[in-house]
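The values are calculated or read from the model by the stated rules, or taken from the named source; none is laboratory data. Model, not experiment: these values are computed from the prediction. Reconstructed Cβ throughout: ideal geometry from the backbone, glycine too, with neighbour counts over all protein chains shown. Areas reflect the complete protein model, heavy atoms only, side chains present, ligands, DNA and RNA absent. Shrake-Rupley method; radii C 1.70, N 1.55, O 1.52, S 1.80 Å.
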Amino acid sequence: MNKIGIGALHMGTLLDKEASRKVILRALENGVSFFDTAPLYGNFRSEEILGEVLQEVRQEVTICTKVGLKIFERKDKRFGVEVAPLNLVNLRRSVEASLKRLKRDAIDLLLLHAFDPATPIRETLEGLSILFREGKIKSFGCSNFNPKQLRVLLSQTNGAPPFIAAQCHYNMIERRAAPSFIPMCEKKNICVIVNRALARGALTGQYGVEKKMREQSRAAMSPRIQKWLTPRKLKLLDALDSTAKEHGVSLMQISLQWLLKKHSQMIVLLGVRNLDQLDECLRASREEVPQSVFEEIELIISEGFDVFQHPPRYFEK
């Protein structure tokens, strides 16, 4: 069953507690009950905010958090992320700290935030099994794994806690996961959790060759996204947006509906920064788009962009 979830990446950074509260409550009012977070988000603050707000409303939800990445300072004084060992010591430390911040007795879904080449998979799975038996986690999954890494993990999960989900970048113009990663998940009845569903805001219609970048847009605040928005991409986005308007729909509608119609078991995360964005995304996810529009969009994309080469890699640090 397809679902909409809330990605809490911006909670604790671009959204303070009150703004986050409004988004959480509006999501709950609209039947959204899946929330995705991680210790890394907001430097632990995302988990804390989710824990505080959800404890107040006492509504049944599913919380997904993660383990296995840590922040480090680069030589140029900028911050990056690197893999933290997925051994029992670090698994336990991270899980128990997340439980305190989330104010919960057990984590509904724990994702391995990235593949750890230094720790044998079997050792990681044994650690997860111990935490599962102790009642600290209910299920687990992975994030940022490539198909080879996922295959290795799947080959050794017998006897481990329920392995129910895998998270990846995936959207209408970035489909690197489509040829093998997603089919592997579907074959094993593993739910695919999609982040970057709107391609970092590119599939909302706000970017184009002649469109002035809004001051508060994600691209305006991120040199990384500015670099990603190449002239070729902007030209493609113009063509997609024009086609959407010709049919009386929005590019966001097409993009979210494309995901929701395409796969039988998927959670599409919305990483919104305010109530207006949330309302717009929820509305777009529900308004039907004629099949003929998708066919026209596919033709435009296939003629101008190799979607299966994007993103450049599964784990973009």
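Using C-alpha pairs below 8 Å separated by at least 6 residues, the relative contact order for region 55-156 is 29 percent.
The phi torsions of region 176-190, fed into the Karplus equation with coefficients 6.51, -1.76 and 1.60 and a -60° offset, translate into couplings of 4, 6, 5, x, 10, 5, 5, x, 4, 5, 5, 4, 9, 6, 9 Hz, rounded to whole numbers, with Gly and Pro shown as x.
The fraction of accessible area contributed by carbon and sulfur in the chain is 50 percent, rounded to a whole number (1.4 Å probe; ligands and nucleic acids excluded). Within region 45-71, which residues have the backbone N less than 19 Å from the label spot 7 Å out from Ala97 along Cα→beta-carbon, could you tell me? Those under the cut-off are 45-52, 64-71.
Each part gets one Cα centre, and for region 163-230 versus region 245-317 those centres are 9 Å apart. Angle, helix 291-304 long axis vs. longest principal axis of the chain, Cα atoms, 0 to 90°, nearest 10? Here the helix axis deviates by roughly 90 degrees. Counted by Cβ distance under 12 Å from Gly68, the other residues give a net charge of +1, where Lys and Arg count +1 and Asp and Glu count -1. When the listed pairs Lys211/Lys317; Lys227/Lys317; Lys235/Lys261; Lys3/Lys103 are checked against a 20 Å cut-off, the alpha-carbon distance exceeds it for Lys211/Lys317; Lys235/Lys261; Lys3/Lys103. Rounded to the nearest 5, the antiparallel percentage of DSSP beta bridges internal to the chain is 15%.
For Asp306, the accessible area of its heavy atoms, probed at 1.4 Å with every protein chain present, is near 70 square angstrom. For region 76-161, the set of GluC sites (Glu not before Pro) satisfying both a DSSP loop assignment and a count of at most 13 other C-beta atoms within 10 Å is given as Glu134.
At the listed q of 0.16, 0.18, 0.23 Å⁻¹, the Debye profile of region 46-103, built from one uniform point per Cα, gives log10 I(q)/I(0) equal to -0.64, -0.74, -0.94. Counting only protein heavy atoms and a 1.4 Å probe, the chain has 47 square angstrom of accessible area per residue. For Ile193, the residues whose modelled amide H falls within less than 5 Å of its own, excluding neighbours fewer than 5 places apart on the same chain, are Ala166, Gln167, Cys168, Ile267. The modelled label-to-label distance for the pair Lys188/Thr157, using points 7 Å beyond Cα in the direction of Cβ, is 0.4 nm. Ignoring lysines fewer than eight residues from Lys148 along the same chain, the ones with Cα atoms less than 18 angstrom from its Cα are Lys187, Lys188. When the GluC sites (Glu not before Pro) in region 278-312 are filtered for DSSP coil states and for at most 14 other beta-carbon atoms within 10 Å of their beta-carbon, the remaining sites are Glu287, Glu288. Between helix 88-102 and the chain there is an angle of about 70 degrees, using the helix long axis and the longest principal axis of the Cα atoms.
Of all aspartates and glutamates in the structure, the ones whose alpha carbon falls short of 18 Å from that of Lys212, not counting any fewer than 8 places away in one chain, are Asp238, Asp241.
With respect to the chain, whose longest principal axis is taken over its alpha-carbon atoms, helix 251-262 is tilted by about 50°.
What is the log10 of I(q)/I(0) for the chain, computed with the Debye formula using one identical point scatterer on each Cα and no solvent, at q = 0.10, 0.11 Å⁻¹? Here the Debye-derived log intensity ratios amount to -0.57, -0.69.
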